[in-house]
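Comments concern the structure below.
No lab work stands behind these numbers, since they all come straight from the coordinates. Everything numeric in this text was worked out from a predicted model, so none of it was measured. Glycine also receives a Cβ, built like all others from the backbone with ideal geometry; neighbour counts cover every protein chain displayed.
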Amino acid sequence: MIRTRFAPSPTGFLHIGGARTALFSWAFARHHGGKFVLRIEDTDVARSTPEAVQAIIDGMNWLGLAHDEGPFYQMQRMDRYKEVLQQMLENGSAYYCYTTPEELEQMREDQRAKGLKPRYDGTWRPEPGKTLPTPPAGVQPVVRFRNLTEGTVAWNDLVKGRIEIANAELDDLVIARADMTPTYNFCVVVDDWDMGITHVIRGDDHVNNTPRQINILKALGADVPLYAHLSMILGDDGQKLSKRHGAVSVMQYDHDGYLPEAVLNYLARLGWSHGDDEVFSMQQFCEWFDLDHITPSAAQFNTEKLNWLNAHYLKQAEDERLARLVQPRLEARGVMVTVEPSLAAIIALYKERVSTLNELADAAEVFYIDLHPAHELVAQHVTAEAKPALADFLAGARTVTWEASAISALIKACIGKHGLKMPKLAMPLRVLLTGQTQTPSVDAVISLFPRDLVLKRLAAGGIE
Ligand code: GLU
């Protein structure tokens, strides 16, 4: 049974890199009919916040990455970590170290002065035949892991290939602080063990932790999971993705008008491929996803491609669903959405032309607000030449059958009568009715309005 986990630290929002890690872990479990565990690594009490926990859960919900187990909170598992610490102290795989932080600092300075790599000198490390110093009074010891000094620790990383580190390179890691709170790497190990994680899929900023975690797992007699370390995501400019790139929080994409399926599809292709397939559903992704087609090199963010995918999914989406997503955006701008004109109908006409929900909201907004077209546009398009045709259109609009084809026939009749070309009438109609010069076909746009509103806007534009 495949078991994966997503183990964010709740110190900020769910960012794009974290979301991709979650997506890959989720899809791998789904692909194999396994379980996906959500674990909140909240032991950094100073930096963890309930808001960040909520932001992570909101982000996962928005993306639809449902976990099968959890969320487990590390802060609620302290007793278990202490129990394992005790076992390790008893079986000799961990030991108390009374070296004070000041002594440790001094030790490091001396080592650096001698050109050595700073490390713990092993004073309190038990060895066969070694007599340990007497614990000093009044010093609360930390607990260190008794790492192997010989040999190597190696794993076949499912993304990066074989990685091997000499044990001599690894210090005796502090696994519990002086107040007996367990440290980060130790909690991860106990959790991955207890939660039966078979595949650890995570960012490659954790590669350095892996040899330590493997050694501790082995000391516990636990099965060592397989590891897949995902390369980082670079920004559009090839630089490390950071706040500079603006929309790094997943919920920012929601705010900016992206559909979750577009973001998911986009993330799926960040560092993973299935032939030339660019557009696919999450169902297909779960069917196809494997760790063999993850690239070890960094993936580069491409906003244009995300926009292209979002435009694609907007076209596919049901009008009613998009209306439900656009309405709150309009309301947030103070725009009251009324039954008429129908938001879903507006969306049906405009969704082919936009790449975000916010652009849909921009397009829809003019149907609901008290419109005041820009004077320059009015002056430019509502010309003396156009006015008689506009007046005829207004007269005809009072009685014409209110549908695009009849409205189109009315427009044609008006331009025919006055010997005008189509834009001469279409443009002032666009400007007076929407304040814009670019819209879908003008008859279709007009048919979206309630008749009264068209009459009112034309009259307000001085047409009579
Ligand atoms: N809590 C870690 C982080 O947010 C992830 C740990 C892990 O996946 O092992 O970076």
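Per q in 0.08, 0.12, 0.13 1/Å, what log10 I(q)/I(0) does a Debye calculation on the alpha-carbon atoms of the chain return?
Result of the Debye calculation: -0.64, -1.04, -1.15.
What angle do you read, to the nearest 10 degrees and between 0 and 90, between the alpha-carbon axis of helix 422-434 and the longest principal axis of the chain?
60 degrees
Hey, got the dipole for the chain? About the Cα centre, +1 on K and R Cβ, -1 on D and E Cβ, debye to the nearest 20?
It comes to approximately 740 debye.
Between I2 and V207, what is 0.36 nm times their sequence separation minus the Cα-Cα distance? Round to one decimal in nm.
71.7 nm
Among 251-258, 155-162, what's the highest-first ranking by average C-beta atoms within 10 angstrom per residue?
Sorting 251-258, 155-162 by mean packing, highest first, produces 251-258, 155-162.
Given 0.36 nm per residue, what is the gain on full extension from K315 to A374 after removing their alpha carbon distance, in nm?
Gain on stretching K315 to A374: 18.2 nm.
Measure off 7 Å from each Cα along the Cα-to-Cβ vector at E90 and L132, then give the distance between these two points in nanometres to one decimal.
1.6 nm
Mind checking the full-extension length gain between K417 and E340? Use 0.36 nm per residue of separation minus the Cα-Cα distance, one decimal, nm.
Additional length available on full extension: 24.5 nm.
Determine, from the Cβ-Cβ distance of E103 and E287 and an R0 of 60 Å, the FRET efficiency 1/(1 + (r/R0)^6), rounded to the nearest 0.05.
0.55
Between A460 and D171, what is the label-point separation in nm under the 7 Å Cα-to-beta-carbon projection?
Spacing of the two 7 Å Cα→Cβ label points: 7.0 nm.
Mind checking the log10 I(q)/I(0) for region 347-400 at q = 0.19, 0.31 Å⁻¹? Debye, one equal scatterer per Cα, no solvent, two decimals.
Reported log10 I(q)/I(0), two decimals: -0.92, -1.02.
Where does each of C286, C187, C97 land when they are ranked from fewest to most other beta-carbon atoms within 10 angstrom?
Lowest to highest Cβ neighbour count: C286, C97, C187.
Exposure proxy check: F280, F393, F72 ranked by fewest other beta carbons within 10 Å?
With the fewest neighbours first, F280, F393, F72 line up as F280, F72, F393.
For region 366-376, what does the Karplus curve 6.51 cos²θ - 1.76 cosθ + 1.60, with θ = phi - 60°, yield as ³J(HN,Hα) per residue in whole Hz, taken in order and with x for Gly and Pro?
5, 6, 10, 8, 7, 7, 10, x, 4, 4, 4
Using a Förster distance of 41 angstrom, determine the FRET efficiency expected from the C-beta separation of W402 and V279, and round it to 0.05.
For W402 and V279, the calculated efficiency is 0.65.
Specify whether the C-alpha gyration tensor of region 1-43 places it in the rounded, prolate or oblate class, a ≥ b ≥ c being the square roots of the eigenvalues: rounded for a/c under 1.5, otherwise prolate if a/b is larger than b/c and oblate if not.
Taking the square roots of the gyration eigenvalues as a ≥ b ≥ c, region 1-43 is oblate.
What is the distance, in nm, between label points placed 7 Å from the Cα along the Cα-to-Cβ direction at R353 and at R112?
With each label point 7 Å from Cα toward Cβ, the separation is 6.4 nm.
Using the 10 angstrom Cβ neighbour count as an exposure proxy, how do V378, V188, V37 rank, fewest first?
By the 10 Å Cβ count, ascending, the order reads V378, V37, V188.
What do you get for trypsin sites (Lys or Arg not before Pro) in region 192-272 restricted to DSSP loop and a cutoff of at most 13 other Cβ within 10 Å of the site's Cβ?
none
How high is the FRET efficiency between D194 and R333 when r is their beta carbon distance and R₀ equals 51 Å, given to the nearest 0.05?
0.55
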